[in-house]
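Throughout, read-outs are computed from the coordinates displayed, never taken from laboratory work. Quick caveat: nothing in here was measured; it's all calculated off a predicted structure. Methodologically, a virtual Cβ is constructed for each residue, glycine included, from the backbone with ideal geometry; neighbour enumeration extends over all protein chains shown.
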Amino acid sequence: MKLTIIGTGYVGLVSGVCFADLGNHVTCVDKEEGKIEKLQQGEIPIYEPGLQELLRINADAGRLSFTTDLTNAVRNAELIIIAVGTPSMAGGEANMSYIYRAARSIGEAMNGYKIIMIKSTVPVGTNEKIKAIIAECSSYPFDVVAVPEFLREGSAVKDSFHPDRIIIGSDNPKAAAIAVELHRELTDNILVTDIRSAEMIKYASNAYLATRISFINEIANICEKVGADVTEVALGMGLDQRIGSSFLNAGIGYGGSCFPKDTKALIQIAGNVDYDFKLLKSVVDVNRDQRNNVIQKLEEFIGSLRGRTIAIWGLAFKPNTDDVREAPSQDIIEELVRRDVIVKVYDPVAMDNFRKGFDHPNIIWCSNAISATEGADALCLLTEWPEFAEMDMRVVGSKMNNAVLFDGRNVFKRELIHHLDFQYYSVGRPHLN
Ligand code: NAD
């Protein structure tokens, strides 16, 4: 098929590469010229394992191209995918302006029947508004199909080729059948629903996963007080097939471009129909407290933070991505700097993105994990990059002013670190000191 994807970010770019690899002819559109220029030269503007190589193969084969010319890209396509951002607004509501602008541009460019697939995460009822906007601008026939995206940054290529399921929300069986056909090679688990249910499935899924994280974090907080070990507790819980083991890793909470914004948006969606989503509000509160606790804990471990030096390992909201949107590192580092702490930071790929959003004279940008720890009064691990787990902690301890480690992701074996004369603190596990 001839596809055009509007929005060449984490979702649009990976989907574009994936659909091209399946043999479709794909044009990826973005409004950012710099991004498109880079892509035209075969360079990817994000860090996503496996994507670069696949992009080059498909671009060289002539199945994948990049442009800022939305009008022509729409005219040349049978199927158009919207994958623009839907970031949070101040009140938590999803910002729909990028979506509506894209819909208007599609409407103005229409030159025949097209299917418009919405991959962006959008509040219930948005697909109908998109339909109305396109119909306002054009008299050509078209269908809008909701196909929410579930890929995870860091494993986005694998997730795109091997999704757990594809959800297709449509009010027209013919359009739904074409959408099913497009995804047929990827999985047999394709669920066709009405449009509103498809929109809701995406929010409900993210809200549920966020709930599991906040749940296990609260269990961790109680474990700390009663002397239990949350990793053992999660292991034991996960053996129950009704529960399962995923998303039960206690730590400093979730971040990223999806869970924080989608939980807040769902609270708003519920509020708009006079439903008070109490459970989800607590999930959000627990997550905020969990990252705030880091500062409080550091103070308990080393006393007043003012004038101290703290090393930070990890800025990305999770490993294998350069995405720092709503990462716990942001709140934690901003608070440390506010308290006159010298913060020595290191992340294998997310330093540039973090620095674009927040820089300060108290932040020292380090070129490797060891140099970040030199002269530090404490080390905080905020992202579980594999390289941190493999560090020689004896060397790390010898570089530090005080061998104090706060492991915000429970990466290290307690006994091992304790044996190296570290004061070691983690989340929901008894201290050995
Ligand atoms: P992103 O911010 O990385 O990318 C969005 C891109 O759209 C940007 O490059 C922007 O320049 C472009 N854009 C905006 N308006 C445009 C327009 N009118 N014309 C052309 N380009 C335009 O966003 P993302 O992380 O890829 O997320 C996209 C959507 O997918 C969001 O709704 C998000 O919630 C959802 N989603 C994201 C993930 C994820 O892991 N990132 C996973 C599942 C779903």
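Largest first, the three principal axis extents of the alpha carbons in the stretch 155-198 are 31, 19, 14 Å in whole numbers.
Set against the 2.2 N^0.38 Å expectation for a compact globular protein, the stretch 349-433 has a Cα radius of gyration ratio of 1.13. Near Asp164, once Lys and Arg are set to +1 and Asp and Glu to -1 for all other residues with Cβ below 15 Å from its Cβ, the sum equals +1. Kirkwood-type hydrodynamic radius, the stretch 259-425: 16.7 Å, calculated from all non-identical alpha-carbon pairs. Couplings for the stretch 327-334, taken from phi via the Karplus curve 6.51 cos²θ - 1.76 cosθ + 1.60 with θ = phi - 60°, read 6, x, 4, 4, 5, 5, 5, 4 Hz in order; Gly and Pro are left as x. The distance linking the stretch 248-307 with the stretch 15-35 is 34 Å (Cα centroid to Cα centroid, whole angstrom). Placing a pseudo-label 7 Å from each Cα along the Cα-to-Cβ vector at Ala228 and Glu415 gives an inter-label distance of 2.2 nm. By DSSP, the beta bridges lying fully in the chain are antiparallel in about 5 percent of cases. Using only alpha carbons, the stretch 113-174 has a radius of gyration to Kirkwood radius ratio (Rg to Rh) of 1.05.
Extending 7 Å from the Cα toward the beta-carbon at both Arg104 and Ala61 defines two label points whose distance is 3.8 nm. Sequence-ordered 3J(HN,Hα) estimates for the stretch 351-368 from the Karplus curve with 6.51, -1.76 and 1.60 and θ = phi - 60° stand at 5, 4, 4, 5, 5, 4, x, 7, 9, 6, x, 6, 8, 10, 8, 9, 8, 7 Hz, glycine and proline given as x. Comparing Asn72, Asn272, Asn217 in a Gaussian network model of the chain (Cα springs below 10 Å), the most mobile by mean-square fluctuation is Asn272.
Here the Karplus relation 6.51 cos²θ - 1.76 cosθ + 1.60, evaluated at θ = phi - 60°, turns the backbone of the stretch 63-71 into coupling constants of 9, 9, 9, 10, 7, 9, 7, 5, 4 Hz, with x for every Gly and Pro. Please label the shape of the stretch 2-193 as rounded, prolate or oblate, based on the square roots a ≥ b ≥ c of the eigenvalues of the alpha-carbon gyration tensor (a/c under 1.5 means rounded; beyond that, a/b larger than b/c means prolate, else oblate). Judged from the Cα gyration tensor, the stretch 2-193 comes out rounded (a/c under 1.5).
Considering every alpha-carbon pair of the chain, the percent of pairs per 10 Å bin, from zero through the bin containing the longest distance, is 4, 20, 28, 24, 15, 7, 1, 0.
Summarising the amide proton neighbourhood of Thr193: residues at separation of 5 or more, or on other chains, whose placed amide H is nearer than 5 Å comprise Ile168, Gly169, Ser170. Its Cα gyration tensor gives the stretch 67-153 an equivalent ellipsoid, and the semi-axes of that ellipsoid, as √(5λ) in whole Å with the largest first, are 22, 14, 12. Neighbour counts of C-beta atoms inside 10 Å place Trp365, Trp313, Trp385 in the sequence Trp365, Trp385, Trp313, starting with the fewest. What is the sum of charges around Phe66, taking Lys and Arg as +1, Asp and Glu as -1, for the other residues whose C-beta is under 14 Å from the C-beta of Phe66? Result for the local shell: -2. Length, then width, then depth: along the principal axes, the Cα atoms of the stretch 170-266 run 59, 29, 18 Å. Charge tally for Lys399 (other residues, Cβ to Cβ under 15 Å; Lys, Arg +1; Asp, Glu -1): -2. In the chain, the longest principal axis of the Cα atoms and the axis of helix 10-21 are about 60 degrees apart. Only beta bridges with both residues in the stretch 2-193 are counted; by DSSP, about 5 percent of them are antiparallel.
Convex hull volume of the Cα atoms of the stretch 27-108, normalised per residue: 117 Å³. Close amide H contacts of Cys380 (hydrogens built in the peptide plane, cut-off under 5 Å, sequence separation of 5 or more or a different chain): Ala311, Ile312, Trp313, Phe406. Pairs from the list Lys114/Lys174; Lys2/Lys202; Lys38/Lys344; Lys31/Lys264; Lys38/Lys261 with a Cα-Cα gap above 19 Å: Lys2/Lys202; Lys38/Lys344; Lys31/Lys264; Lys38/Lys261.
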